[in-house]
1. Filter the chain for me: DSSP H helices, axial length by Cα at least 15 angstrom, mean Kyte-Doolittle hydropathy not below -1.0. List them by residue number.
2. Is the shape of the range 175-222 rounded, prolate or oblate, going by the alpha carbon gyration tensor and its root eigenvalues a ≥ b ≥ c, with a/c under 1.5 for rounded and a/b larger than b/c for prolate?
3. Based on Cα positions only, what radius of gyration and what Dmax would you give for the chain, in angstroms?
4. Calculate the length of the line joining the C-alpha centroid of the range 1-56 to that of the range 87-119, in whole Å.
5. Ordering Asp10, Asp149 by accessible area with a probe of 1.4 Å, largest first, what comes out?
6. Out of the total accessible area of the chain (probe 1.4 Å, heavy atoms of protein only), what percent is carbon and sulfur?
7. Taking the range 37-94, which GluC sites (Glu not before Pro) meet the DSSP loop condition and have no more than 11 other C-beta atoms within 10 Å?
8. Compare the Cα positions of Leu192, Ala69, Gly80 along the charge dipole of the chain (+1 at Cβ of Lys, Arg; -1 at Cβ of Asp, Glu; about the Cα centre) and return the one farthest towards the positive end.
Amino acid sequence: MKIEKNDLFDYPNMCIYQETQSFKFSLDSILLSEFVDFKKTDQQILDICSGNAVIPMVLSTKTKLPITAFEIQKNIFDLGIMSIKENNLEDQITLINDDIKNIANYCNYENYDIITCNPPYFKVEPQGFINKSNNLSIARHEICLELEDIFKISFKYLKNLGRLYLVHRVSRLDEIIILANKYRMNVKVIQLISTNKDNKPYLVLVKCVKNSKNGVIINSPINILNLKTYQNLFKR
(Lines give C-alpha, C1' and ligand atoms only; values in the text may rest on other atoms or scores of the structure.)
Protein backbone atom coordinates (compact mmCIF):
# COMPACT_ATOMS: atom_id res chain seq x y z
CA MET A 1 0.00 0.00 0.00
CA LYS A 2 1.49 3.31 -1.13
CA ILE A 3 0.47 6.25 1.05
CA GLU A 4 0.53 9.95 0.27
CA LYS A 5 -0.08 13.03 2.39
CA ASN A 6 -2.37 15.64 0.85
CA ASP A 7 -3.70 19.03 1.85
CA LEU A 8 -7.28 18.81 3.05
CA PHE A 9 -8.71 21.09 0.36
CA ASP A 10 -8.61 24.69 1.57
CA TYR A 11 -8.89 24.03 5.29
CA PRO A 12 -5.87 25.89 6.67
CA ASN A 13 -2.97 23.76 7.86
CA MET A 14 -4.99 20.52 7.61
CA CYS A 15 -3.65 17.44 5.86
CA ILE A 16 -4.86 13.89 5.29
CA TYR A 17 -3.21 10.55 4.49
CA GLN A 18 -4.60 8.50 1.61
CA GLU A 19 -3.80 5.46 -0.49
CA THR A 20 -2.30 6.49 -3.81
CA GLN A 21 -3.89 3.74 -5.89
CA SER A 22 -7.06 2.87 -4.02
CA PHE A 23 -9.07 4.57 -1.31
CA LYS A 24 -9.41 8.35 -1.32
CA PHE A 25 -12.05 10.46 0.34
CA SER A 26 -14.67 12.13 -1.85
CA LEU A 27 -16.06 15.63 -2.15
CA ASP A 28 -19.31 14.19 -0.73
CA SER A 29 -17.69 14.03 2.72
CA ILE A 30 -16.66 17.69 2.52
CA LEU A 31 -20.16 18.74 1.50
CA LEU A 32 -21.71 16.74 4.33
CA SER A 33 -19.34 18.28 6.88
CA GLU A 34 -20.30 21.76 5.71
CA PHE A 35 -24.01 20.89 5.88
CA VAL A 36 -23.88 20.21 9.62
CA ASP A 37 -25.11 22.92 11.96
CA PHE A 38 -24.44 23.20 15.68
CA LYS A 39 -26.35 24.25 18.79
CA LYS A 40 -24.96 25.65 22.01
CA THR A 41 -26.41 22.67 23.87
CA ASP A 42 -24.63 20.05 21.72
CA GLN A 43 -22.22 17.79 23.58
CA GLN A 44 -21.30 14.75 21.45
CA ILE A 45 -20.91 13.86 17.76
CA LEU A 46 -20.87 10.38 16.17
CA ASP A 47 -19.54 9.73 12.65
CA ILE A 48 -20.52 6.47 10.91
CA CYS A 49 -18.52 5.02 7.97
CA SER A 50 -15.71 7.41 8.78
CA GLY A 51 -13.15 6.21 6.23
CA ASN A 52 -9.88 8.04 6.79
CA ALA A 53 -11.66 10.43 9.18
CA VAL A 54 -12.17 13.34 6.80
CA ILE A 55 -15.59 14.29 8.23
CA PRO A 56 -14.41 14.42 11.87
CA MET A 57 -11.38 16.45 10.82
CA VAL A 58 -13.42 19.01 8.89
CA LEU A 59 -15.91 19.21 11.76
CA SER A 60 -12.99 19.91 14.10
CA THR A 61 -12.43 23.20 12.25
CA LYS A 62 -15.96 24.27 13.25
CA THR A 63 -16.46 22.89 16.76
CA LYS A 64 -14.51 21.65 19.76
CA LEU A 65 -17.12 18.99 20.59
CA PRO A 66 -15.76 15.46 21.11
CA ILE A 67 -16.24 13.24 18.07
CA THR A 68 -16.46 9.44 18.08
CA ALA A 69 -16.07 7.77 14.69
CA PHE A 70 -16.29 4.19 13.40
CA GLU A 71 -14.43 2.66 10.44
CA ILE A 72 -14.66 -1.07 9.78
CA GLN A 73 -11.69 -1.50 7.39
CA LYS A 74 -8.36 -1.74 9.19
CA ASN A 75 -6.09 -0.23 6.53
CA ILE A 76 -8.40 2.75 6.04
CA PHE A 77 -8.75 3.13 9.81
CA ASP A 78 -4.94 3.26 10.00
CA LEU A 79 -4.90 6.15 7.52
CA GLY A 80 -7.44 7.96 9.69
CA ILE A 81 -5.32 7.48 12.80
CA MET A 82 -2.28 8.84 10.97
CA SER A 83 -4.24 11.91 9.86
CA ILE A 84 -5.70 12.53 13.31
CA LYS A 85 -2.24 12.41 14.86
CA GLU A 86 -0.69 14.56 12.14
CA ASN A 87 -3.29 17.25 12.83
CA ASN A 88 -2.96 16.94 16.63
CA LEU A 89 -6.62 15.98 17.06
CA GLU A 90 -6.22 12.95 19.34
CA ASP A 91 -7.90 14.79 22.22
CA GLN A 92 -11.01 15.57 20.16
CA ILE A 93 -11.47 12.64 17.75
CA THR A 94 -11.74 8.99 18.83
CA LEU A 95 -11.60 6.66 15.83
CA ILE A 96 -12.72 3.06 16.45
CA ASN A 97 -11.85 0.14 14.16
CA ASP A 98 -15.02 -1.93 14.36
CA ASP A 99 -18.36 -2.58 12.69
CA ILE A 100 -20.79 0.19 13.67
CA LYS A 101 -23.30 -2.56 14.43
CA ASN A 102 -21.14 -3.30 17.49
CA ILE A 103 -21.61 0.24 18.81
CA ALA A 104 -23.28 -1.06 21.99
CA ASN A 105 -19.83 -2.28 23.09
CA TYR A 106 -18.60 1.33 23.19
CA CYS A 107 -21.47 3.78 23.54
CA ASN A 108 -24.64 4.34 25.55
CA TYR A 109 -28.10 4.79 24.07
CA GLU A 110 -29.25 8.36 23.45
CA ASN A 111 -25.72 9.68 23.90
CA TYR A 112 -25.29 11.86 20.80
CA ASP A 113 -26.64 15.20 19.61
CA ILE A 114 -25.34 14.79 16.06
CA ILE A 115 -24.70 11.77 13.83
CA THR A 116 -23.03 12.16 10.43
CA CYS A 117 -22.82 9.45 7.78
CA ASN A 118 -21.41 9.19 4.27
CA PRO A 119 -22.52 5.58 3.67
CA PRO A 120 -22.10 3.06 0.87
CA TYR A 121 -24.40 4.23 -1.92
CA PHE A 122 -25.17 1.05 -3.83
CA LYS A 123 -27.27 -1.98 -2.99
CA VAL A 124 -25.85 -5.48 -3.40
CA GLU A 125 -27.85 -6.96 -6.26
CA PRO A 126 -28.73 -10.69 -6.04
CA GLN A 127 -27.15 -11.46 -9.41
CA GLY A 128 -24.28 -9.02 -9.14
CA PHE A 129 -20.68 -10.05 -8.38
CA ILE A 130 -18.81 -8.02 -5.80
CA ASN A 131 -15.42 -8.81 -4.35
CA LYS A 132 -16.19 -8.59 -0.62
CA SER A 133 -12.52 -8.28 0.29
CA ASN A 134 -12.01 -5.18 -1.83
CA ASN A 135 -11.78 -1.88 0.04
CA LEU A 136 -13.67 0.06 -2.59
CA SER A 137 -16.45 -2.54 -2.75
CA ILE A 138 -17.09 -2.27 0.98
CA ALA A 139 -16.96 1.53 0.82
CA ARG A 140 -19.34 1.76 -2.15
CA HIS A 141 -21.74 -1.16 -1.70
CA GLU A 142 -24.03 -2.14 1.18
CA ILE A 143 -21.99 -5.22 2.07
CA CYS A 144 -21.49 -4.40 5.74
CA LEU A 145 -24.07 -1.66 6.30
CA GLU A 146 -27.45 -1.06 4.69
CA LEU A 147 -29.39 2.19 4.58
CA GLU A 148 -31.93 0.94 7.12
CA ASP A 149 -29.15 0.14 9.61
CA ILE A 150 -28.21 3.83 9.68
CA PHE A 151 -31.70 4.82 10.80
CA LYS A 152 -31.92 2.01 13.35
CA ILE A 153 -28.63 3.10 14.92
CA SER A 154 -29.45 6.80 14.74
CA PHE A 155 -32.77 6.42 16.54
CA LYS A 156 -31.16 4.40 19.34
CA TYR A 157 -28.08 6.56 19.87
CA LEU A 158 -29.35 10.08 19.25
CA LYS A 159 -30.83 12.09 22.07
CA ASN A 160 -34.40 13.27 21.67
CA LEU A 161 -34.43 15.88 18.87
CA GLY A 162 -30.91 14.83 17.94
CA ARG A 163 -29.94 15.27 14.28
CA LEU A 164 -28.78 12.85 11.61
CA TYR A 165 -26.92 14.37 8.65
CA LEU A 166 -26.72 12.04 5.67
CA VAL A 167 -25.34 12.31 2.14
CA HIS A 168 -26.58 9.97 -0.59
CA ARG A 169 -27.51 9.62 -4.21
CA VAL A 170 -30.69 11.43 -5.28
CA SER A 171 -32.05 8.17 -6.69
CA ARG A 172 -32.46 6.82 -3.14
CA LEU A 173 -34.21 9.82 -1.65
CA ASP A 174 -37.56 8.01 -1.61
CA GLU A 175 -36.07 5.20 0.52
CA ILE A 176 -34.48 7.73 2.86
CA ILE A 177 -37.82 9.44 3.47
CA ILE A 178 -39.64 6.12 4.02
CA LEU A 179 -37.03 4.85 6.49
CA ALA A 180 -36.83 8.19 8.27
CA ASN A 181 -40.57 8.05 8.91
CA LYS A 182 -40.39 4.41 9.99
CA TYR A 183 -37.79 5.19 12.66
CA ARG A 184 -39.27 8.54 13.76
CA MET A 185 -36.33 10.39 12.24
CA ASN A 186 -38.32 12.99 10.33
CA VAL A 187 -36.67 14.62 7.32
CA LYS A 188 -36.40 18.35 8.05
CA VAL A 189 -34.03 19.73 5.40
CA ILE A 190 -33.21 18.51 1.88
CA GLN A 191 -30.31 19.99 -0.10
CA LEU A 192 -29.78 18.94 -3.72
CA ILE A 193 -26.34 19.17 -5.34
CA SER A 194 -25.52 19.30 -9.05
CA THR A 195 -22.23 19.56 -10.90
CA ASN A 196 -23.47 22.58 -12.88
CA LYS A 197 -26.71 24.49 -13.47
CA ASP A 198 -27.56 22.52 -16.62
CA ASN A 199 -27.33 19.08 -15.00
CA LYS A 200 -29.90 17.40 -12.81
CA PRO A 201 -28.91 17.02 -9.15
CA TYR A 202 -26.96 13.84 -8.50
CA LEU A 203 -26.41 14.15 -4.76
CA VAL A 204 -28.68 14.88 -1.82
CA LEU A 205 -27.87 16.05 1.69
CA VAL A 206 -30.55 15.30 4.27
CA LYS A 207 -31.05 16.49 7.83
CA CYS A 208 -33.31 14.27 9.96
CA VAL A 209 -34.43 15.04 13.51
CA LYS A 210 -35.46 12.39 16.02
CA ASN A 211 -39.10 12.70 17.22
CA SER A 212 -39.51 16.07 15.53
CA LYS A 213 -42.71 17.60 14.21
CA ASN A 214 -43.63 17.11 10.56
CA GLY A 215 -42.51 19.67 8.02
CA VAL A 216 -39.59 19.79 5.59
CA ILE A 217 -37.55 22.56 3.97
CA ILE A 218 -36.21 21.97 0.45
CA ASN A 219 -33.37 24.36 -0.25
CA SER A 220 -32.57 25.69 -3.68
CA PRO A 221 -30.17 23.34 -5.52
CA ILE A 222 -26.50 24.23 -5.40
CA ASN A 223 -24.14 23.59 -8.30
CA ILE A 224 -20.53 23.05 -7.36
CA LEU A 225 -18.85 23.76 -10.67
CA ASN A 226 -15.84 26.05 -10.32
CA LEU A 227 -16.28 26.73 -6.62
CA LYS A 228 -13.05 28.06 -5.15
CA THR A 229 -13.98 26.99 -1.62
CA TYR A 230 -16.56 24.77 0.06
CA GLN A 231 -16.24 26.45 3.42
CA ASN A 232 -19.56 27.84 4.71
CA LEU A 233 -21.18 26.80 1.42
CA PHE A 234 -24.63 26.41 2.97
CA LYS A 235 -24.44 29.53 5.13
CA ARG A 236 -23.94 32.11 2.39
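The values are calculated or read from the model by the stated rules, or taken from the named source; none is laboratory data. Nothing here was measured: the structure is a model prediction, and the numbers come from that model. Counting neighbours? That spans all protein chains shown, and the Cβs are built from the backbone with ideal geometry, glycine included. With ligands, DNA and RNA removed, areas are computed over all heavy atoms of the protein, side chains included. Shrake-Rupley method; radii C 1.70, N 1.55, O 1.52, S 1.80 Å.
1. Working: long enough: 74-86 (18 Å, 0.19); 147-157 (16 Å, 0.14).
Correct list, ordered by number: 74-86, 147-157.
2. Working: a/c = 3.86, a/b = 2.30, b/c = 1.68.
Prolate is the answer for the range 175-222, as a/c is 1.5 or above and a/b outweighs b/c.
3. Final numbers for Rg and Dmax: 16.9, 49 Å.
4. Measuring centre to centre over Cα atoms gives 14 Å.
5. Numbers: Asp10 55, Asp149 25 Å².
Order by accessible area, largest first: Asp10, Asp149.
6. On the way: 5780 of 11830 Å².
Carbon and sulfur atoms account for 49 percent of the accessible area of the chain.
7. Working: sites: Glu71, Glu86, Glu90; in loops: Glu71, Glu90.
Sparse-neighbourhood loop GluC sites (Glu not before Pro): Glu90.
8. Of the options given, the answer is Leu192.
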